[in-house]
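Just below is one structure, and these are the notes that go with it.
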Amino acid sequence: VQLQASGGGLVQTGGSLRLSCAASGRTFSRNAMGWFRQAPGKEREFVAAINWDGGSTDYADSVKGRFTISRDNARNTVYLQMNSLKPEDTAVYYCAAGYGSVVVTISSAYRYWGQGTQVTVSS
(Lines give C-alpha, C1' and ligand atoms only; values in the text may rest on other atoms or scores of the structure.)
Protein backbone atom coordinates (compact mmCIF):
# COMPACT_ATOMS: atom_id res chain seq x y z
CA VAL A 1 0.00 0.00 0.00
CA GLN A 2 1.44 3.33 -1.02
CA LEU A 3 0.36 6.95 -1.00
CA GLN A 4 2.35 9.09 -3.40
CA ALA A 5 2.11 12.83 -2.85
CA SER A 6 3.18 15.21 -5.58
CA GLY A 7 2.72 18.78 -6.80
CA GLY A 8 4.81 20.65 -4.29
CA GLY A 9 7.30 23.30 -5.24
CA LEU A 10 8.43 26.89 -4.84
CA VAL A 11 5.84 29.63 -5.31
CA GLN A 12 5.59 33.32 -4.50
CA THR A 13 3.23 34.76 -1.93
CA GLY A 14 -0.27 34.85 -3.37
CA GLY A 15 0.39 32.01 -5.76
CA SER A 16 -1.30 28.65 -6.11
CA LEU A 17 -0.34 25.00 -6.08
CA ARG A 18 -2.31 21.80 -6.48
CA LEU A 19 -1.15 18.79 -4.54
CA SER A 20 -2.12 15.29 -5.57
CA CYS A 21 -2.02 12.07 -3.61
CA ALA A 22 -2.30 8.88 -5.61
CA ALA A 23 -2.96 5.63 -3.81
CA SER A 24 -1.81 2.25 -5.00
CA GLY A 25 -1.97 -1.25 -3.66
CA ARG A 26 -5.60 -1.00 -2.57
CA THR A 27 -8.60 1.23 -3.00
CA PHE A 28 -9.36 3.96 -0.47
CA SER A 29 -12.78 4.80 -1.85
CA ARG A 30 -14.36 3.97 1.52
CA ASN A 31 -11.78 5.80 3.63
CA ALA A 32 -11.58 9.37 4.74
CA MET A 33 -8.50 11.12 3.41
CA GLY A 34 -6.54 13.98 4.90
CA TRP A 35 -3.70 16.38 4.41
CA PHE A 36 -1.31 17.36 7.17
CA ARG A 37 1.79 19.53 7.13
CA GLN A 38 4.95 19.96 9.14
CA ALA A 39 7.09 23.05 9.13
CA PRO A 40 10.71 23.00 10.32
CA GLY A 41 10.88 22.89 14.10
CA LYS A 42 7.12 22.46 14.45
CA GLU A 43 4.80 19.55 15.05
CA ARG A 44 2.76 18.03 12.28
CA GLU A 45 -0.61 19.78 12.00
CA PHE A 46 -3.94 19.06 10.38
CA VAL A 47 -4.72 20.92 7.17
CA ALA A 48 -7.81 19.39 5.55
CA ALA A 49 -9.86 16.22 5.43
CA ILE A 50 -12.59 14.73 3.28
CA ASN A 51 -14.97 11.87 3.92
CA TRP A 52 -15.26 8.78 1.76
CA ASP A 53 -17.62 10.19 -0.88
CA GLY A 54 -16.51 13.80 -0.84
CA GLY A 55 -19.70 15.01 0.74
CA SER A 56 -18.08 16.33 3.89
CA THR A 57 -14.88 18.28 4.41
CA ASP A 58 -13.08 20.06 7.22
CA TYR A 59 -10.24 22.56 7.26
CA ALA A 60 -7.83 24.09 9.70
CA ASP A 61 -8.80 27.67 10.49
CA SER A 62 -5.52 28.87 9.02
CA VAL A 63 -6.41 27.60 5.53
CA LYS A 64 -10.18 28.04 5.38
CA GLY A 65 -11.24 29.95 2.32
CA ARG A 66 -7.87 29.40 0.62
CA PHE A 67 -7.48 25.61 0.37
CA THR A 68 -9.88 23.08 -1.10
CA ILE A 69 -9.68 19.32 -0.67
CA SER A 70 -11.32 17.03 -3.18
CA ARG A 71 -11.13 13.43 -4.30
CA ASP A 72 -11.65 11.26 -7.35
CA ASN A 73 -12.40 7.75 -6.17
CA ALA A 74 -12.28 6.40 -9.71
CA ARG A 75 -8.64 7.48 -9.83
CA ASN A 76 -7.94 6.63 -6.18
CA THR A 77 -6.58 10.15 -5.82
CA VAL A 78 -7.10 13.05 -3.43
CA TYR A 79 -6.22 16.65 -4.19
CA LEU A 80 -5.44 19.80 -2.26
CA GLN A 81 -5.89 23.03 -4.18
CA MET A 82 -3.97 25.78 -2.42
CA ASN A 83 -4.63 29.40 -3.35
CA SER A 84 -3.46 32.72 -1.92
CA LEU A 85 -0.42 31.02 -0.46
CA LYS A 86 1.47 32.67 2.37
CA PRO A 87 5.02 32.17 3.66
CA GLU A 88 3.56 30.52 6.77
CA ASP A 89 2.18 27.77 4.52
CA THR A 90 5.74 26.60 3.91
CA ALA A 91 6.02 22.99 5.07
CA VAL A 92 6.22 19.40 4.01
CA TYR A 93 2.70 18.29 3.15
CA TYR A 94 1.59 14.73 3.84
CA CYS A 95 -1.49 12.90 2.65
CA ALA A 96 -3.01 10.16 4.73
CA ALA A 97 -5.77 7.59 4.60
CA GLY A 98 -8.00 7.20 7.62
CA TYR A 99 -9.09 4.06 9.40
CA GLY A 100 -12.70 5.04 8.90
CA SER A 101 -14.89 6.81 6.39
CA VAL A 102 -15.80 10.01 8.23
CA VAL A 103 -13.85 13.23 8.48
CA VAL A 104 -11.32 13.32 11.29
CA THR A 105 -8.72 15.92 12.16
CA ILE A 106 -6.33 14.04 14.44
CA SER A 107 -3.31 12.26 13.01
CA SER A 108 -3.80 9.12 15.09
CA ALA A 109 -7.01 8.44 13.15
CA TYR A 110 -5.01 7.93 9.96
CA ARG A 111 -3.50 4.58 9.11
CA TYR A 112 -1.51 5.10 5.92
CA TRP A 113 0.79 8.02 5.19
CA GLY A 114 2.50 9.30 2.09
CA GLN A 115 6.11 10.40 1.94
CA GLY A 116 5.42 14.13 1.83
CA THR A 117 5.94 16.87 -0.71
CA GLN A 118 7.71 20.15 0.00
CA VAL A 119 5.84 23.41 -0.42
CA THR A 120 7.86 26.61 -0.14
CA VAL A 121 6.25 30.03 -0.35
CA SER A 122 8.61 32.94 -0.81
CA SER A 123 7.82 36.42 0.45
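Laid out as a table, the results:
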| read-out | value |
| --- | --- |
| Cα-only Debye scattering, the stretch 1-120: base-10 log of I(q)/I(0) at q = 0.20 Å⁻¹ | -1.04 |
| Portion, in percent, of the accessible area of the stretch 1-107 that falls on carbon or sulfur, probe 1.4 Å | 46 |
| Gain in span if fully extended, TRP113 to ARG30, counting 0.36 nm per residue against the direct Cα distance | 28.3 nm |
| Filtered trypsin sites (Lys or Arg not before Pro), the stretch 1-107: DSSP coil and at most 14 other beta carbons within 10 Å | ARG26, ARG30, LYS42, LYS64, ARG75 |
| Karplus-derived HN-Hα couplings along the stretch 68-79 (A = 6.51, B = -1.76, C = 1.60, θ = phi - 60°), whole Hz, x at Gly and Pro | 9, 9, 8, 8, 10, 5, 5, 9, 6, 9, 10, 10 |
| For the stretch 1-117: accessible area per residue (Å², 1.4 Å) | 49 |
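The values are calculated or read from the model by the stated rules, or taken from the named source; none is laboratory data. Everything numeric in this text was worked out from a predicted model, so none of it was measured. Every residue, glycine among them, receives a Cβ derived from its backbone with ideal geometry; neighbour counts consider all protein chains shown. Heavy atoms of the whole protein, side chains included, go into the accessibility calculation; ligands, DNA and RNA do not. Shrake-Rupley method; radii C 1.70, N 1.55, O 1.52, S 1.80 Å.
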